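Step one of this worksheet: look at the structure below.
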Amino acid sequence: MIEAKDIRAGYGDGADILTGISLSADRREIVTILGPNGCGKSTLLKTIAGYVRPRAGSITFGGTDVTAVPIHEKVRHHKVGYVPQTDNVFGTLTVAENILLGARQLAKAEKEKRFAALMDQYPALAGKKNRKASALSGGERQILSLARALIAGPEILLLDEPSAGLSPLMMHEVFDAIGAIRDSEGMCILMVEQNAFEALGIADRAYVLSLGQVAMTAKASDLLEDPAMRKLYLGGEVHAE
Amino acid sequence: MFDFFIHVASIACLYGVLALSLNLQAGFTGLVNFGLIALFGCGTYGAALASGMGWHPLLGLPAGIAMAALLGLFYARLGRKLSSDYWGIATLSIAEIIRISVTNEQALTGGAQGISGLPLLFAGLKPYDGVARLALYAAVLALVWLFCQRLVKSAFGLSMKLMREEPQLARSLGYDLDRIRRVVMLVSAAIAAFAGFLYAHYLTFVGPDQLVSPETFLIWSMVIIGGIANNRGVIAGAFLMQFAMAYVPFVKDALDLPTDFVAAARLIIVGGGLLAFLLWRPKGLFPEKVGGSNGR
């Protein structure tokens, strides 16, 4: 579904942050990108999403070359949903209005049907659908931005640190919601995360980045058990539940 | 005194149109344009060009709008490369370059002397010509206000506000920010040029002194004081500022102050008003009504 080959990318005239990364992700799969701060995780996701244009390499979605396609066109024409790490809701709009922004291209009946389905799926949002998004907690905002990305029915979902700034309880809720999306919608989900153990708990595969390159790729379950990996990249002594 | 009131109200109407133009850019879309006066100047020099070429005066309007549209597109193009603050500086620089070019060019613009002798609208209706012009300017202001209200309440208006609030998030929802910027600059440039065309035929004179950057900041003060992103507010700001500036000479006479006081007091009203409102009432006299995709 997503195929990135030999990606080199950076910002402006600066040095390359990604120095030849290749990655793939399939349908019904959660692939997480891990690594220490500054290794290029978010830059890789932004490059795949279309915020950053790669200096070299290629990106395909379902076999279609999207290397130079900007984010707004990917969302409109390539069934991509993107959930940013921060500033992910419009605070002056209500919860319902925020969600419906993601459904601009749908017919009215379809829009209403999908909105109702999302309200069933996320009852916490349903109870606050007429409230301003600025009144939501961090976790609720993250669920809201997920719901907004889902309403258009994307085939690819790109998540930039969905647990950033959340309490452990809210983090569990958000990860449960992401796992449920993979299982029920059959989507291809690519997720950058700092909370490595939580991410590996729901992911199928993982790429571990170091200094702009892929240092290791493996099944999530294998990485969870790998003591060297744990020590090098995942926080040493921390144990998964 | 009545004629003076009609005169000030006429100018306030035209500045109200300009304030609405800036409000579309800065208020609703977050485009901090410090070069608005150059778009206005396209309208004034469009009128002068038609007059100088012996065309029908009305042809000055499309000429001015066409020049403003080109300049607006150029501004928008710059916005692809520059972040908001740098874009603002770039627009100010371009407006100054245009003013200096107009001052030093003789054949087309008349240089520093400008171009005079433009036809005055409704000149044949004396002694009611002033009232007739005010009625026209008020009607234009009302129509432009209605258009701006409809625009900002439309789906496109929502996209303008999303771009202003969270541009990166708006992109991730499929909004093409370059297109939004282009359309807003085209529409607001046309509005500013329209105001310029009417202004030129009101003063019957066009010159580079009308394009100085303090004029842009006067319009900014109208928007900030009236209420940024509130169309009614910016019109109120235009009238308030215009009348405040117009009555400064009366204060000077009443207090027996030197003539220099007038120019200085006007600058203080603009600068001090801007500063005071930015510090103590940044949303202006009539704050934006936020919330809801339609009524904001």
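Here is how the numbers come out for the structure above:
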read-out	value
Selected residue (only one of A:156, A:151, A:189 is over 20 Å from residue A:48 (Cβ atoms) and touching a Lys or Arg at 6+ places or on another chain (Cβ under 9 Å))	A:151
Residue that is aliphatic (A, V, I, L, M) and either touching a strand residue (DSSP E or B) at 6+ places or on another chain (Cβ under 9 Å) or in contact (Cβ under 8 Å) with a residue 24 or more places away in the chain (or both), where the choices are B:238, B:265	B:238
Any pair with Cβ under 6 angstrom, 6 or more apart, that starts in region B:2-13 at a residue that is in a helix (DSSP H, G or I) and ends at one that is among the charged types (D, E, K, R)	B:10/B:133
Residues within region B:62-91 that are in contact (Cβ under 8 Å) with a residue 24 or more places away in the chain, hydrophobic (A, V, I, L, M, F, W, C) and closer than 11 Å to residue B:178 by Cα, tallied	2
Qualifying residue in region A:95-106 (condition: within 14 Å of chain B (Cβ to nearest Cβ), among the β-branched types (Val, Ile, Thr), farther than 24 Å from residue A:1 by Cβ and in contact (Cβ under 8 Å) with a residue 24 or more places away in the chain)	yes
Some residue of region B:265-285 being in contact with a Gly (Cβ under 8 Å, 6 or more places away or on another chain), within 14 Å of chain A (Cβ to nearest Cβ) and either under 27 Å from residue B:138 (Cβ atoms) or not aromatic (Phe, Trp, Tyr) (or both)	yes
Test result for residue A:49, within 14 Å of chain B (Cβ to nearest Cβ), farther than 18 Å from residue A:133 by Cα and small (Gly, Ala, Ser)	yes
Tally of residues being hydroxyl-bearing (Ser, Thr, Tyr) and away from chain A (no Cβ under 14 Å) across region B:132-164	1
Qualifying positions in region A:61-92 - hydroxyl-bearing (Ser, Thr, Tyr) and part of a loop (DSSP other than H, G, I, E, B)	A:67, A:86, A:92
Test: residue in region B:48-60 that is part of a helix (DSSP H, G or I) and within 26 Å of residue B:221 (Cβ to Cβ)	no
One residue from B:97, B:6 being aliphatic (A, V, I, L, M) and closer than 17 Å to residue B:211 by Cβ	B:97
Filtered residues of region B:86-111 (kept if of a type in the set (A, V, I, L, M), modelled with pLDDT under 95 and surrounded by fewer than 13 Cβ atoms within 10 Å (Cβ to Cβ))	B:107
Close pairs from region A:120-136: first within 13 Å of chain B (Cβ to nearest Cβ), partner surrounded by fewer than 17 Cβ atoms within 10 Å (Cβ to Cβ), Cβ under 6 Å, at least 6 apart	A:133/A:91; A:134/A:91
Hits in region A:20-47 (condition: closer than 23 Å to residue A:64 by Cα and in a strand (DSSP E or B))	A:20, A:21, A:22, A:23, A:24, A:25, A:29, A:30, A:31, A:32, A:33
Qualifying residue in region A:151-167 (condition: among the aliphatic types (A, V, I, L, M), surrounded by 19 or more Cβ atoms within 10 Å (Cβ to Cβ), in contact with a Cys (Cβ under 8 Å, 6 or more places away or on another chain) and closer than 25 Å to residue A:202 by Cα)	yes
Given (1) over 21 Å from residue A:43 (Cβ atoms); (2) facing another protein chain (nearest Cβ under 10 Å); (3) touching a Pro at 6+ places or on another chain (Cβ under 6 Å), number of the condition residue A:79 does not satisfy	(2)
Hits in region A:98-136 - residues which are surrounded by fewer than 14 Cβ atoms within 10 Å (Cβ to Cβ) and closer than 19 Å to residue B:159 by Cβ	A:105, A:108
Condition met for residue B:119 (at pLDDT below 95, out of contact with any helix residue (DSSP H, G or I) (no Cβ under 8 Å at 6 or more places or on another chain) and away from chain A (no Cβ under 14 Å))	no
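Residue by residue, here is whether (1) at the interface with another protein chain (Cβ under 9 Å from one of its Cβ atoms); (2) farther than 27 Å from residue B:9 by Cα; (3) at pLDDT 95 or above holds:
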residue: B:166; (1), (2), (3): yes, yes, no
residue: B:169; (1), (2), (3): yes, yes, no
residue: B:186; (1), (2), (3): no, yes, yes
residue: B:197; (1), (2), (3): no, no, yes
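The values are calculated or read from the model by the stated rules, or taken from the named source; none is laboratory data. No experiment lies behind these values; they were computed from the predicted model shown. Virtual Cβ from ideal backbone geometry, glycine too; neighbours counted across all protein chains shown.
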